[in-house]
Amino acid sequence: MTPKSIEEIQRGLKAQTFSCSQLVEHYLTNIRQHKGLNAFVEVFEQDAKEKAHAIDQKLGNAPESLGDLFGVVISVKDNICIEGKQVTAASDILQGFTSTFSATAIQKLEEQDAIIIGRTNCDEFAMGSSNEHSVYGPTINGVGTNLVCGGSSGGAAVSVQTDCCTIALGSDTGGSVRQPAAFCGVIGMKPTYGRVSRHGLLAYASSFDQIGVLGHKVQDVEKVTRIISGEDRMDATTSNRPFPTPSSTQDSFKIATFRQINTNEGIHPEILQSYQQLLEQLKSQGHEITTVDFDLMDFVIPAYYVLTTAEASSNLSRYDGIRYGNRKAGKDLEDIYRKSRTEGFGTEVKKRIMTGNFVLSSGYYDAYFQKAQQARRLIRNRLQEVFSEADLICLPTSPTPPWKIGTKINDPISVYLADIFTVLANLAGIPAISLPYGTHKNGLPIGIQFMAETFREDKLFQLTRQIDM
Ligand code: GLN
C-alpha cells in the first residue's frame, strides 16, 4: 500500500472511509512489523490510541474544531522534548530522564491535533551520519540488508520509509535530516536557521541546529514546516519573518550548480548521473541552469567540524552527573565528574568534546576556532553572491550511497568528508531540502538537494512540487 498523504488522510477521515483509530492501528501494525529495523526507541501506543479516539469523536461532534493536522501521525527524534516522556539523545548519560515540558515545535503540532506516535533512534546527541553511534544500537535501512540508514536522524527516516507514520521530526546540524532522507528514499527538509524554535531541542551546536521535517510528499513537508515555524520568546534566535506562500506567478527558476561538482572524484558516478538527469529534467521544464564557481569547497568540512565540536564541548558540559545526566559514584567531586562523563558518553561524543576543547584552548583558539569562523563568513558571503544571480542551488545530498553497517566505524574521516554537500546549508543558515531522485543500479535510493537564500523556503517548495520523483 502506498503511504497516504496528509490530504488523502484528512479526506478519508472526513468521508468516513476509515477512522482515525483504524489509521493509528495501521501505523502501529507497521511499527510492530518493522521492529527489527530498530527505528523506534519507544512507542506511545496508549497515548496515540486515546488521541485517535478523541479525534474520531471530534470528527463526529465538532469537525469545525479540528486542527490543521488532525489525523497526521508523527514520530519524534529522541532529542526533542515531549512533556512527561523520556528524552535521551540515544545516550547512556540521559537514561531515565523525563522531560517536564514539550519543545515549542511539539506544542505547535499538538495544538493542531497531530498524533505523536513515538520516539525515534538517532546518533548520540545527533553526532554522526549512520545512526551507528546510539546506545540502542544501529537503526537499519529498510531498503536492503544490513545497510546504514544515514544519520543522525536515522530512526526518523526509517519510520517514514516503512510507513510507520506520516511525518517525522528530526534535527539537522550538518545534514542529519537530509542525508538519512536521501539514504532511505524520502524527503527531508532543513528550514532556515531561526525559522523553527530550538526550545526543547537538546543542543549539539547551537548556531547550526534546526528541527527539520521528513515525509513522502512535498506538500506534507511544507505544511508541517509552516506549522512549526515562527517567533518564540523561548528562543531568541527565532525570527518573525513571514513564511511566504509559494508564488503561483514564478514558475521558472534560475538554478545554480557548482563547477567543482563535475570534477569531484569523491562522488559516486551513479549519483552524478542522477544529478545530471535531474538538471536535464529541470531544463526541459523551462528552468535555467547556470554553473558557478564555488572554490571554497576545501574549507567546508574543516570549518564545520571545528565550529560544531567547539559548540558541542560547551553545550555538553552540563552533563556532569550533578546538574544533568546520570551520576556515577566517585570518591570526590572531580571523580564523580570524570566517571559520570567517561561512562555516560559514547566514543564519538567524547572524541568531539575533546576536539572542541582543543580548538577552543588558549594556545589554539586563533589558529582553529577563529580561522573556522572566518571561513564560515567567507562561505556565507560567497553563497549570498550566488543567490544574487540564482534562485536556488542544486547539489547531490550525499556523495556516497548507504554502506554496510560496521564497515566505516574505523574510518571516521571518510564519514566526515561525506557531509560536504549538506553542511554548507548549516554553515550559511540557509534552508535546504533533499528529494529522492533515481536509484543506484542495485536499487538503493539517491537524494538530490536544493538550497535557497534565507527565509525563502517558498522557492524550495515551489520548485520541488514540480519535480517528478
Ligand atoms: N553528520 C553530521 C555530524 O556528524 C551531521 C550531524 C547533524 O546534522 N546533527 O555532525
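Throughout, read-outs are computed from the coordinates displayed, never taken from laboratory work. Computed from a prediction, not measured in an experiment: that's the story for all the values here. For neighbour counting, all protein chains shown are included, and Cβ atoms are generated from backbone atoms with ideal geometry for every residue, glycine included.
Can you put SER362, SER229, SER153, SER398 in order, fewest other beta carbons within 10 Å first?
Placing the least packed residue first, the sequence is SER362, SER229, SER398, SER153.
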Highest to lowest packing among 293-300, 68-75, scored as the average C-beta count within 10 Å: 68-75, 293-300
Exposure proxy check: LYS85, LYS77 ranked by fewest other beta carbons within 10 Å? LYS85, LYS77
Quick one: 3J(HN,Hα) in Hz for the stretch 11-26, Karplus 6.51/-1.76/1.60 with θ = phi - 60°, rounded, Gly and Pro as x. 5, x, 5, 5, 7, 6, 5, 8, 9, 5, 5, 5, 4, 5, 4, 4
Binned Cα-Cα distance frequencies in the chain - 20 Å width, integer %: 26, 59, 15, 0
Taking Cα pairs closer than 8 Å and at least 6 residues apart, the relative contact order of the chain in percent is 17 percent
Sort VAL306, VAL292, VAL160 so the one with the fewest other Cβ atoms within 10 Å of its own Cβ comes first. VAL292, VAL306, VAL160
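How big is the Rg/Rh ratio for the stretch 1-104, C-alpha atoms only, Rh by Kirkwood, two decimals?
Ratio of gyration radius to Kirkwood radius: 1.01.
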How big is the stretch 250-408 in terms of Cα radius of gyration and Dmax, in angstroms? 21.8, 71
Calculated from DSSP H runs of 4 or more alone, at -39500 (n - 2.57) each and per residue, what is the 222 nm mean residue ellipticity of the chain, nearest 500? -12000 deg cm²/dmol
Could you state the per residue volume, in Å³, of the convex hull enclosing the Cα atoms of the stretch 38-179? 102 Å³
Computed ³J(HN,Hα) along the stretch 281-294: with the Karplus parameters 6.51/-1.76/1.60, θ = phi - 60°, integer Hz and x for glycine or proline, the list is 4, 5, 4, 5, 8, x, 7, 9, 9, 10, 9, 10, 8, 10
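Relative contact order, percent, of the stretch 193-327 when contacts are C-alpha pairs under 8 Å separated by at least 6 residues?
The value is 27 percent.
Quick check on the stretch 377-469: what are the equivalent-ellipsoid semi-axes from the Cα gyration tensor, as sqrt(5λ), descending, whole Å?
Value: 26, 19, 8 Å, ordered largest first.
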